[in-house]
Structures are given as structure tokens and as C-alpha cells.
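What follows is one structure encoded as C-alpha cells, with my remarks underneath.
The values are calculated or read from the model by the stated rules, or taken from the named source; none is laboratory data. Just so it is clear, the structure is predicted and the values come from calculations on it, not from any experiment. Reconstructed Cβ throughout: ideal geometry from the backbone, glycine too, with neighbour counts over all protein chains shown. All accessible areas refer to the heavy atoms of the entire protein, side chains included, with ligands and DNA or RNA removed. Shrake-Rupley method; radii C 1.70, N 1.55, O 1.52, S 1.80 Å.
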Amino acid sequence: MSTQNRLTHIDEAGAARMVDVSEKDVTTRTARASGRVLVSPRVVELLRGEGVPKGDALATARIAGIMGAKRTPDLIPLCHPLAVSGVKVDLGVADDAVEITATVRTTDRTGVEMEALTAVSVAALTVIDMVKAVDKAAVITDVRVETKTGGKSGDYRRTGPDGTNEPDGTNEPDGANGPDGANEPDGADA
């Protein structure tokens, strides 16, 4: 197996493992993720006007997203429990979708990308629940990390059309990967 493509949550024997972050420095870290829920024109009309039958869909989804970020290690088995410092979930109604952005902050030993992704995903699922009486065909799409800051692997910003920020198709500047090819020198997540 190429060390460049090594999965940090898999040990040498191929078993799943939680990465040991005890030797990592506590630093301030942030992550921003986004996603969309494609909805019918009728749902857009209702969200911009009188509301959907279950009530305030966007406010409910916002609270659900915040709760989801806080519960990430309960949902994703190998995520570390983190002291989440702040979660901001924004929802907006576009002409064909509900657009969701979540920003999560911590001062800890590992990053909050999974918490941001979970916040967006749970908010999106809640939008589906709130609008399903009107639009059973609503679709969650484009859930992804947009930015991250902090950690030894440095900052990441989605800029390329394929989601990379480097011309060579990697997400790290040349030389930023550790000796084992992972983003962190010890193979741990950012």
C-alpha cells in the first residue's frame, strides 16, 4: 500500500482504530462545511412565505445542525469527543434549494471537520423531514468541507473544480504531508 494513500483510522493489520492524538498540541481549529437540499418550487414558495405544515423549517434545521455537531462522536464511531467552542449553522433559500453552511470551532488536539459535516448533514435531514409532506423528492447533495484552519497540516480551502486546492490534485501543499504520507506527521487527523 502506498504511504501517500494510507488511511489513518486503519492499523497495520487492517483493523479500524481510533487515532491517538495525545501527543498533539492543543490549538485553535475551525472547519466550515456546506451542503444543499434540492427542493420543489412549491417548497421554495412556502419557505419564502407562509411556511411548511410542520412549522419553521429553517429554525428547526438550524438547531438540529447545532445539536448534530455536538453529538458527532456518538454518530461517527472513530471521532474523538471534542470540546466544541462554537457552532454556527446558516440556512438560506435559493431558487431550487435550501443552502446550508456550518462553521465549528474548538481549541483541542484534533480538527472539527467531521463536526461541521455532521452539522450540515443533520440540518439537511431535518429540512427533508420538515418539507416531506410537500416534497417527497427532496434530495441532499454537495455536502463537503469548504475550509479548515489549525493543526500541523495547515489550512485548507476548497478552490479547485475537483475540490482540491493544488494544481497537482492534492489537498496539501508540496511537502506538507508527514513521513507516512498522512496529513499529520504522526498519521493523525488534522
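General remarks:
- Restricting VAL104, VAL37, VAL19, VAL84 to those that are touching a strand residue (DSSP E or B) at 6+ places or on another chain (Cβ under 6 Å), farther than 30 Å from ALA133 by Cα and touching a residue at least 40 places away in the same chain (Cβ under 8 Å) reduces the list to VAL104.
- In segment 50-72, of all residues being open to solvent by 100 Å² or more (accessible area, probe 1.4 Å) and at pLDDT 95 or above, the one that is farthest from LYS24 (Cα to Cα) corresponds to MET67.
Every residue, every condition in (1) under 17 Å from GLY151 (Cβ atoms); (2) among the charged types (D, E, K, R); (3) in a helix (DSSP H, G or I), yes or no:
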site	(1), (2), (3)
GLU12	no, yes, no
GLU23	yes, yes, no
ARG32	yes, yes, no
GLU45	no, yes, yes
LEU58	no, no, yes
GLY65	no, no, yes
CYS79	yes, no, no
ASP90	no, yes, no
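- Output for segment 78-107, where each listed residue is open to solvent by 60 Å² or more (accessible area, probe 1.4 Å), touching a Lys or Arg at 6+ places or on another chain (Cβ under 6 Å) and not polar (S, T, N, Q): GLU99
- Of the residues screened, ASP180 is not one that is modelled with pLDDT under 95, open to solvent by 20 Å² or more (accessible area, probe 1.4 Å) and out of contact with any Gly (no Cβ under 9 Å at 6 or more places or on another chain).
- Some residue of segment 130-149 being open to solvent by less than 20 Å² (accessible area, probe 1.4 Å) and of a type in the set (Lys, Arg): yes
- Residue check: LEU75 meets all listed conditions (1) farther than 30 Å from GLU45 by Cβ; (2) in contact with a strand residue (DSSP E or B) (Cβ under 9 Å, 6 or more places away or on another chain); (3) surrounded by fewer than 22 Cβ atoms within 10 Å (Cβ to Cβ) but one, namely (2).
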